Amino acid sequence: MQAPPPNIALFQLIAGKWVAQAISVVARFRVADHLAAGPKTAAELAAITNTNAGHLYRILRAVATVGVLEEQPGQRFALTPVGEYLRSGVPGSMRAVATYCCDPWSWKPWGDLAETVRTGTPAFDRMFGMGAFDYLSRHPDEFATFNEGMTGFSGIESAAAVKVYDFSRYGTIADVGGGHGLLLTTILKAAPNSRGVVFDLPEVVAGAVPTIETAGLAGRCTTQGGSFFETAPAADLHVMKHIIHDWNDEKATQILKCCRRAVRPGGKLVLVEMVIAPGGDPAAKLLDLEMMVLCDGKERTEAEYATLLAGAGYRLTRVVPTESPACVIEAEPV
Ligand SMILES: C[S@@+](CC[C@H](N)C(=O)[O-])C[C@H]1O[C@@H](n2cnc3c(N)ncnc32)[C@H](O)[C@@H]1O
């Protein structure tokens, strides 16, 4: 297909706003789950989802133009390979991600991006009068969708991390800010002699128990509720995936210092994060903006990670790329 003229190419980028919201509606009404057994008409889907048939058809038709669904004759729709990932419960599901990214708490602050750039302060705090995680703690339904989304991302990244890093040399591994525990259970399956603890806010870590039990790891893995600004479990390895990027340098240092105090002799630290590289993966540079708007966090370069870690008593020892956009960043106490 011929490339569009530059002004149309630009317009197609701007229309990303419409695409994201339309996909989120498909996700919210679990359309992909209803299509899992085979194609259905817009009218059938509207009846199942209790939505307006005409409006739902227009959403499905639009989403089909970007490859998430296939439109067939008679206003009938089928899942494409991309759309399969809008199903719930499939490994790597993006259903909850599509939903939470367009939930008001996550969507509205983006309308204030220009002010964020002007002032250098996150839109979220200005708009909601508190930090994003304080807000989520007070809104359990939205937090549940967010945590489900994190687990969706985590499937790909956790499998990729254990392929490139040998976790089996650590006796006790603490996943700090470990959410619903998918990373740690993936690690413990690859490290059969290690034990683990998932550490997160009390209301979140409760959600890790089913993951641990389903993985058959209840004998080797526990959970602990608390704040990583105050404490971290004693461990030979502290792992943090997509934690440090949520916070500015001052707060990130506070978290790292808690791990540093709790690391056992000979122990280490592993961060699983995207690393900004010149000309590198655009995902890191775009996720960086989400951090800017929502939580005053940032994606960092390797040099920025080295400086941050040094300020908390660690030396960055290596950065190992994975087949996912995230890298394994290893550091040792100094
Ligand atoms: C971006 S999510 C990453 C979750 C998980 N590591 C993953 O990659 O799927 C950030 C996590 O930090 C947790 N968190 C936020 N504030 C916290 C705090 N003060 N103490 C402990 N955990 C916290 C959240 O509950 C959430 O699980």
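Conditions (1) charged (D, E, K, R); (2) farther than 28 Å from E142 by Cα; (3) in contact with an Asp or Glu (Cβ under 9 Å, 6 or more places away or on another chain), marked per residue:
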residue	(1), (2), (3)
V176	no, no, yes
V209	no, no, no
G219	no, yes, no
Q224	no, no, yes
inquiry  = Any residue that is under 30 Å from A190 (Cβ atoms), more than 12 Å from the ligand (Cβ to nearest atom) and of a type in the set (A, V, I, L, M, F, W, C) - is there at least one of those in the range 151-159?
reply    = yes
Qualifying residue in the range 167-174 (condition: part of a loop (DSSP other than H, G, I, E, B) and within 15 Å of the ligand (Cβ to nearest atom)) = no
ask   = Which residues, taken from the range 196-248, are near the ligand (Cβ under 8 Å from one of its atoms), farther than 21 Å from E157 by Cα and surrounded by 21 or more Cβ atoms within 10 Å (Cβ to Cβ)?
value = F228
query = Hey, D175 hits all of (1) open to solvent by 20 Å² or more (accessible area, probe 1.4 Å); (2) touching a Gly at 6+ places or on another chain (Cβ under 8 Å) but one; which does it fall short on?
reply = (1)
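For S154, are the conditions met, namely being touching a residue at least 24 places away in the same chain (Cβ under 8 Å) and crowded, with 20+ Cβ neighbours inside 10 Å? Lay out the reasoning, then the answer.
On the way: touching a residue at least 24 places away in the same chain (Cβ under 8 Å): yes; crowded, with 20+ Cβ neighbours inside 10 Å: yes.
Yes: the conditions hold for S154.
Listed here are the residues, each with its yes/no results for (1) of a type in the set (D, E); (2) not assigned by TED's automatic domain parsing to the domain that holds I14.
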{"residue": "A78", "(1), (2)": "no, no"}
{"residue": "A98", "(1), (2)": "no, yes"}
{"residue": "C102", "(1), (2)": "no, yes"}
{"residue": "L113", "(1), (2)": "no, yes"}
{"residue": "D125", "(1), (2)": "yes, yes"}
{"residue": "G129", "(1), (2)": "no, yes"}
{"residue": "L136", "(1), (2)": "no, yes"}
{"residue": "E148", "(1), (2)": "yes, yes"}
{"residue": "K163", "(1), (2)": "no, yes"}
query = Residue check: is L308 within 16 Å of the ligand (Cβ to nearest atom) and either open to solvent by less than 30 Å² (accessible area, probe 1.4 Å) or not in a loop (DSSP other than H, G, I, E, B) (or both)?
reply = no
remark   = For T145, the lone unmet condition from (1) closer than 25 Å to R260 by Cβ; (2) away from the ligand (no atom under 11 Å from the Cβ); (3) assigned to a helix (DSSP H, G or I); (4) not basic (K, R) is (1)
request  = Mind listing whichever residues of the range 128-142 are in a helix (DSSP H, G or I) and either crowded, with 18+ Cβ neighbours inside 10 Å or of a type in the set (A, V, I, L, M, F, W, C) (or both)?
outcome  = F128, A132, F133, Y135, L136
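Return the only residue of V204, V209 being under 18 Å from the mean Cα position of the chain (by Cα) and hydrophobic (A, V, I, L, M, F, W, C). If you could, list the steps in order and put the result at the bottom.
Values: V209 fails: under 18 Å from the mean Cα position of the chain (by Cα).
Of the residues listed, the single one that is under 18 Å from the mean Cα position of the chain (by Cα) and hydrophobic (A, V, I, L, M, F, W, C) is V204.
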request  = Search the range 274-294 for residues that are part of a helix (DSSP H, G or I) and pair each with any residue that is among the aromatic types (F, W, Y) when their beta-carbon atoms are under 6 Å apart and the residues are at least 6 apart or on different chains.
outcome  = V293/W110; L294/F124
message = When the residues of the range 43-102 are narrowed to those that are β-branched (V, I, T) and in a loop (DSSP other than H, G, I, E, B), which ends up surrounded by the most Cβ atoms within 10 Å (Cβ to Cβ)?
response = V68
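Suppose the filter is within 16 Å of the ligand (Cβ to nearest atom), modelled with pLDDT of 95 or more and among the hydrophobic types (A, V, I, L, M, F, W, C); does L136 pass it? Break it down stepwise before answering.
Numbers: within 16 Å of the ligand (Cβ to nearest atom): yes; modelled with pLDDT of 95 or more: yes; among the hydrophobic types (A, V, I, L, M, F, W, C): yes.
It is true that L136 is within 16 Å of the ligand (Cβ to nearest atom), modelled with pLDDT of 95 or more and among the hydrophobic types (A, V, I, L, M, F, W, C).
The values are calculated or read from the model by the stated rules, or taken from the named source; none is laboratory data. Quantities reported herein were computed from a predicted structural model and do not represent experimental measurements. Cβ: placed from backbone, ideal geometry, glycine included. Neighbour counts: every protein chain shown. The protein model used for the area step is the full one, side chains on, heavy atoms only, and it has no ligands, DNA or RNA in it. Shrake-Rupley method; radii C 1.70, N 1.55, O 1.52, S 1.80 Å.
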